[in-house]
Structures are given as structure tokens and as C-alpha cells.
Amino acid sequence: MEKMKRRAALASLGSLSLGVSTPILEKGEVFQAPYSVKKTSLKTDILVVGGGTAGVIAAIQAGRAGRKTILVENGSQLGGTTTTGGVAFPGIFFAWGKQVISGIGWELVQAAVAMNDDQLPNFSIPHGKNHPRHQVRLNGQLYAMLIEEKCVEAGVQLRFYETPTKVTPQKNGWLVQTMGKGVIAEISCNQLIDCTGNAFVTSMAGFPVLREAETQPGSLMFQIGGYDFKSLDLKLIQARYQEAIQKGELVKTDFRNNIAGVLRSAGDNISHVMGADSTTSETHTVANLKGRKALLDTLRFLRSLPGLEKTKLIDMQNETAVRETFRIDGHYKITHADYVTGKMFDDSVSYSYYPIDVHDENGVVPDHLNEGIVPTVPLRALVPKNSRNFLVAGRCVSSDRLANSALRVQASCMGMGQAAGATAVLASLQNKSPLEVSIKDIKQLIEEHGGIVPTFV
Amino acid sequence: MSLKLISVLKLTALFLLLWGISGFVSEVAEPIRYFRPYTLALPVAKTIPYLVDFEEETGTDTLFQAVSQEGCPVSYFRHIQNNVCFDGKCRMLVATLYWNPTGRYLGFELPKGEFLSKTDHDPFTPEEYTRLSEILADSLSPLGTFTYNALVPKAAVDVQKVDAVSSPTAPDVLDYIIKGAAYTTYKLWHLVYGPTQLEIEKLTQKTLSADLLLKILESNDLGDKMWAVRRVRPFISAHILLQQKVISLIQDNQYNLSEQIIRELPTTDSTIQRGLAMAFLKNNYAIKKLIVEKLKMASSLTPEMVALFTSALPSLQGESVASILELLRIKKINDPVTGRAIADLLRSDNNFVARKAYDFLTKQKINDPYIEEQLTRFQSKQK
Ligand SMILES: Cc1cc2nc3c(=O)[nH]c(=O)nc-3n(C[C@H](O)[C@H](O)[C@H](O)COP(=O)(O)OP(=O)(O)OC[C@H]3O[C@@H](n4cnc5c(N)ncnc54)[C@H](O)[C@@H]3O)c2cc1C
């Protein structure tokens, strides 16, 4: 008896020390077996990768035209640069007093403005130097929620936290493998739209992409407060700023060598993260670290100056917004000359409107379009060379650098998103590749969904 | 030349460049006048003076109202005698400034024989007068944000160059002033857009009637139209002509104006509802959307409106269909005729449209055999 007791006690000790005993569960708790990555297979008509400025519009267009649509986004919310990047001032929808970009993008922007009791700009004021007044100021987070609601309403299946890992051509479309938290999905689609802003899917699918040796800087958007700008001794601040740069405590290019600008703008679109690239987790991590370090160092510096002791960080975006990475090598490359002359193509499917706007480390001096000029985007610029059943929309449109600096703005991206979505719808309905679809049909579908299509005058 | 002397000369040149002033007697017989288009092109019958306290700007001064035979305020004007000071030195600026009844800048006139001058007594050229009038007509001029002291060009150099958001990139004061007359331009611009505008709006407001609004809406200036539209609400229900005029201004190519009109219109009136429905049919998506959103706020929809929107459904797509169905649902439209028309959408090639029709019909629960049959067919097709 005594022996048996000892044996049992030893056994239980042994199992405890080996950690194999079943834990004692409290009421309501269940034991979860170790997680193994779930594999899932999905089939859809249209797959959009990248739920940013352009991708959301492409997906809603596809959903509203009745096609089965999946939208894969590697972030936690929709809107991309407009929302997560904090560039919540889409421009430009009106050119020379007339609306040139409307449809789904405009509808969503208008809904966000209305729900926040914001005021739309006066679109009749002349462009040129007044072009910033034509941008619509949005509540970015509200916009993120509204576009998500619209996607759901349009029947778009949303998949957050996922990114493609493999893109393989298959008969009648593409097989895209995505990976997210604990999930691997094999998505078979008829039409694939790359709206990652980085031509990421295009490259993964094996089509060449281009980039500049030196790209435009990105920006970390934030808001600071706690000081009275008018009462600051800017001369002294500027002198101390230059000293800090000389001593290597601050980096000249982080804020355009312009500390007065930081204080005046209170953080709005003033940071510069040189070489910022959002293409991969690694490059985007570098851009985020750089942007946040620059801000933290600068905040500490500001708080050491007279009149700025109480400077506070009021808000900051979760990631560095990126201006420029890769562009596709499309069937047509929109050139600077095309842009500034407002060239009309037989296959122009959307308008664009913005000054040529290339940023360097000092900022930007926009080069305004001549009166009456409204550039257009031909469908061929949204289709990588040698591709089938494949489209892009957004800043990775096929274009030279100068044209791209204007094409990349948000209203233009939205216009391209709707055009790409509509083209994919028809291609999938008619079992064709995008460039085989009749332009007349594409234009008709875009117009039926409220978009404005370029017309010869 | 010594450095000191050069900088003194430079300073003097800069001072003179920025210094524009009136008050020099000229040989010109007719007074110098530069005018922009009138809001109301009516002959003036009388002028009424109003004593107004313009507080810090000029203290108490007379604001004149020029009135037509019918009693419409045609214009307002003030005789300006103002010191323009720089570096402790002041000169007198003498001019008459004119405004339209909406507060919009109208023009300026100089006393007979006087002219504006730049630098050292250099008179304005005709081109410079025209340019001055253009600058004064620009309500959005950056002059509104510059401080008096920032007029010195070097102050503009360190202005931030942010992309596309805040103030214009690297604003250059010289673009917004008459060269050699910066302070004169600045002073006049601030007088035009100072407290006088508000006083004018208040005075016009006192004489406001549907007829006056109708006249202002005839103006070619968009700002005038906007001004009138913002004030139509108390008059519009009782005035058919005003209703027609206002609704006719809802147009694709005037988004802001159309939006303002749609916002101001009351939806209680059946003729206004009809007007909005007509505007829905003939205008683009952006405006269609505004109209449907507006009608959602109406307490009820007239049967005519319901019929009109229902008949438009087959020719519409996507969000336009969705928003009309949402409107009909909010207004609790559940008669079988409307229901049957919507049931036909269940057969649409566009699954989005069919689903929206399905959602509507299942929520409205209309008791009708045709609708039920269509619903059953749709459900079995979805399986
Ligand atoms: C600082 C700054 C200031 C700007 N100023 C203005 C301005 O004033 N006005 C204006 O109109 N435009 C402005 N722009 C330009 C404009 O905002 C962008 O060019 C535009 O938003 C790009 O849209 P997009 O759809 O191509 O990309 P994004 O909006 O960036 O969308 C790309 C989306 O794809 C997702 N994604 C990326 N890679 C993957 C992946 N591998 N898998 C899944 N999802 C992925 C991203 O998370 C993101 O949601 C500015 C841009 C920046 C950065």
C-alpha cells in the first residue's frame, strides 16, 4: 500500500516535471490544439491586390457590375496612402471649372465630406497657383470606414493582412497564392488587377517593372501642437536648427532643411523620408523606422527651444507614406509631352489633372498645366506588355517620371481604378483579355457607374 | 562705392519700389475709373448714406448705397482717405471703392484729376490700373494672409515649400501686387475685403425679396449666384418663378452651385420635389447622388415621384439603383405596382442589382403573387 502510494506520487511528479499533464481548465475555458496554417482555395472572377486609393475603386466597380470580386490588402484597413498614409486630401477632380473625375471615387469622397460636415472646395476658382485649394480635405479614418462599408455592400470579399507569395498563369486567368496570419489562400481568378502602388504583383507575375535610380522621398504625416507660432523667434530657432544639423544631431533632409516649415505646417506633409520604399516588409520597415526616428529626434530638439518647451505630438500616422517606387512597362508609356499637351488617345479611359509635381529633398515647385489642358490615361498604360488577363491601376501606371509625378495623385488613381475595374468586368464577362475588350463598351460601363470618360471635342 | 552707400541706395530703391501712392494732381480731365461687371445692371435713382463704425479699420465712416427706381441696391461705395505708412512715413491714399450688393468688389474711382503713383511719383499705366482692379477682384489673393510687414520681398524667401497642401508653394509677393505700389495694393485689397463687405451684406439682406434674388441670379458671376442661393430658403416656397429659376441652375457644369441649391431647397413642396426629380434625370452621377440623398430627408415622397424614380430604374446601374431603392425603402414604399417593377430587377444580368432588388423586396414584404413568384425564382437561381 505504502509502496503503491509512493509510486503514484512519483508518477505524478514525473509527469508534472515533463509538462505533459492536462492543465486544469477553469469553467468556460477550452484547450486549443497547436495552430497549423490553414489552407484555403477560392475562386473568383476578379482579384484586386492592394486596397488603397485605386484598388478600392476597382474592386467596388467590379462588385457593382455584378462580378465576383476579392480584394487582398496587406494592411488592416482600406484606403492606402489616403488613409493609412494620412494623405487625406485627394485631388484633383475638377479642371478648369468642369468635373473631370467622378464616379465611385467622387461618390466616396463626397460621402466622407458630407458625414464629417466638411466643406467641399470651391471648384470654380482658377487653377494654377490655387491648385492646393482644389484638394478635398477628408477625415481619413472616416473615409476608411465608409469605403469598407461600400466594398461590403458591393459584395467584395475583403481579405486583410494578406500578401501574394506566388502568381502563376493558368488557363483562363491566374492562380495567386496569398499568405496572411495563419492562412494560405490559393485564389484562382479570371482577371487580376495590381493596385499595390508598387507594381508588386506585376513583378511577381514575371512582367518587367521600372524605377528611377533616385525616387522621390516619402513622408511621415503627423500633427504637433502646444506652441504659438506667431510668437516664436524663428531666427533663433533656425540658427539652433542649423547648429544641430552641423553637429549631426539632426539630419538636414528629414524636414527639408526648414524648421520654420515644420512649425508652420504643424507636421502636415513636411517630413521627407529619403528613399522610402513600401514594396516589401523589409523596405517599408526601414522607411517607418527612419520617419519615426526623425520625428522623435526633432520633437526632442523642439522641446529644448524657447517658446517650444511644451511642443506635443498630437497625432501620427502608422506608417510612412511613399510617393514613388515601381512602375509597369505597359503597352503604352504616357510621356511628359502627352501629359502637358492633354493628348487624347483612341483608348483614353480616364482623365487626370495635376501640375507636374516632382519632389526632391528641398520640396517641390509644381509646374502648372496650361489653361484648358486635361490629360488622359489610355487603357494600354494600365496593361503590362505581354500580359493577358492582367491590369494595374494607381501610381504604378506606365508613364515616364514627369508624367507619373502628376498621374499618381489620388483623383487620377481613382479614375484609373474605375477604368481598370470596368475593363476587368467586361473582359471576364466576354472571356477576353483587357486589350481585346471594345473601348466603347468600357466607356459605356464606366459611364453607367457614374464615371466620366474622355471624349474628343 | 562703399558697401554702406550701396546698401543705403538699395534700401531706398526697395522703399520706393514698395511705395505706391495717390494724390498727385494730373492734367487728366475725366476721373480714372476701373470697374468689373455689375451684379445688377440697373440705373441708379438715389443714394442713401449710412454711418457705420468700421472700428479699427477706419473708425466711423459713411457707406453709400446706390438704389434703383424699384428700390434694389445696385452698388455701395466708400470714399477712402487712408494713410499708407511704411518705415514711419505716411502718405494719403484717396479713392472711392465700389462693391456690388452681394459684397463682391465692383471697382474703384479716383477723384477728378488724381492718379495713383508708384515709386517716386511714377504714375500707374493703364495696364497697371487694370491689373490693380484684377488683384482687387481676387478674393482668394494671398494678400489676405500676408502681414503688412511681410510685403518686403525678402520675407517671402523662407516661406515653406510644402507640396500641394497649404499655402501656394514659395509665394512671391511681387505676383500679387503692383510693382512699386505694394503697400497701396495691400491697403486697397484689405479695405475691399474688410468689414465693409459684411455691412453691405447686412444692408442688402434688409431689402431682400424674391424679386431681388431673381435679379441677382441673373448675374453672370458665380459668386453672386452662390450668394443668392444661400438666401433663397425663406422665399422659395411661395414663389414659383424663383423655384423654376433656382432649379434650372442645377447643372452638371456647376457642381458647387448645384450642391448649394440642392442643400437649400425645401423638400416639403411637391413642385420642388418634381423639379428635383427632373434635375435627377438630366444631370450627371455626382448630382444625381446629391438629389437622392436630399430626398431621403423629405418627410414623404409624392406618388408622382415614386413612379418617376421607379420608371428610371431599368436604365440605371450600380449605385444609382442601390440609392433609389434605399430611398424608396426609407420612405416605406410598399405598393404592389412599385414592388412589381422592382421585382423585374431580380432578372437583371447584374447580380449586384438583382441582390439589391432582393434586399428591398424581402425587407418591404409586399403581399403580391407576382413578386413572390419572382422572389422564389431568384432564390432557387442563387442556390
Ligand atoms: C506624402 C505624400 C503626399 C502626397 N500628396 C498628394 C496630394 O496632395 N494630393 C493627391 O491627390 N495625391 C497626393 N499624393 C499622391 C497619392 O496620395 C498617391 O500617389 C496615391 O494615393 C497612390 O494610390 P495607389 O492606389 O496607387 O496606392 P496606395 O494608395 O498606396 O495603395 C496601395 C495599397 O496596396 C497595399 N499593398 C501594397 N503592397 C501590397 C501587397 N504586397 N499585398 C497586399 N497589399 C499591398 C497597400 O497597403 C495599400 O493599401 C501624395 C503622396 C504622398 C506619399
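For the reader, a short list of remarks on this structure follows.
- Being more than 18 Å from A:I101 (Cβ to Cβ), part of a helix (DSSP H, G or I), in contact with a strand residue (DSSP E or B) (Cβ under 8 Å, 6 or more places away or on another chain) and not charged (D, E, K, R) holds for only one residue in A:A420, A:A427, and it is A:A427.
- Which numbered condition A:T279 misses (of (1) under 27 Å from A:F200 (Cα atoms); (2) not in a loop (DSSP other than H, G, I, E, B)): (2)
- Scanning region B:56-78 for residues that are over 27 Å from the mean Cα position of the chain (by Cα) and of a type in the set (D, E) yields B:E56, B:D61.
- Residue match in region B:252-274 (condition: within 16 Å of the chain's Cα centre (by Cα), touching a residue at least 40 places away in the same chain (Cβ under 8 Å) and within 14 Å of chain A (Cβ to nearest Cβ)): no
- Looking only at residues in region A:88-146 that are in contact with a strand residue (DSSP E or B) (Cβ under 8 Å, 6 or more places away or on another chain) and not in a loop (DSSP other than H, G, I, E, B), the one that is modelled with the highest pLDDT is A:W106.
- Being within 12 Å of the ligand (Cβ to nearest atom), more than 8 Å from chain B (Cβ to nearest Cβ) and in contact with a His (Cβ under 9 Å, 6 or more places away or on another chain) holds for only one residue in A:I101, A:I70, A:I92, and it is A:I92.
- Failed item, numbered, when B:I247 is tested on (1) surrounded by fewer than 21 Cβ atoms within 10 Å (Cβ to Cβ); (2) more than 14 Å from chain A (Cβ to nearest Cβ); (3) touching a Ser or Thr at 6+ places or on another chain (Cβ under 8 Å): (3)
- Residue that is surrounded by the most Cβ atoms within 10 Å (Cβ to Cβ) [pool: residues in region A:203-228 that are polar (S, T, N, Q), more than 9 Å from the ligand (Cβ to nearest atom) and within 30 Å of A:S265 (Cα to Cα)]: A:T215
- Within region A:172-202, the set of residues being surrounded by 20 or more Cβ atoms within 10 Å (Cβ to Cβ), more than 14 Å from the chain's Cα centre (by Cα) and not in a strand (DSSP E or B) comprises A:V201, A:T202.
The values are calculated or read from the model by the stated rules, or taken from the named source; none is laboratory data. This structure is a prediction, so every number in the text was calculated from the model and none was measured. Using ideal geometry, Cβ is built from the backbone for each residue, glycine included, and neighbour counts are taken over all protein chains shown.
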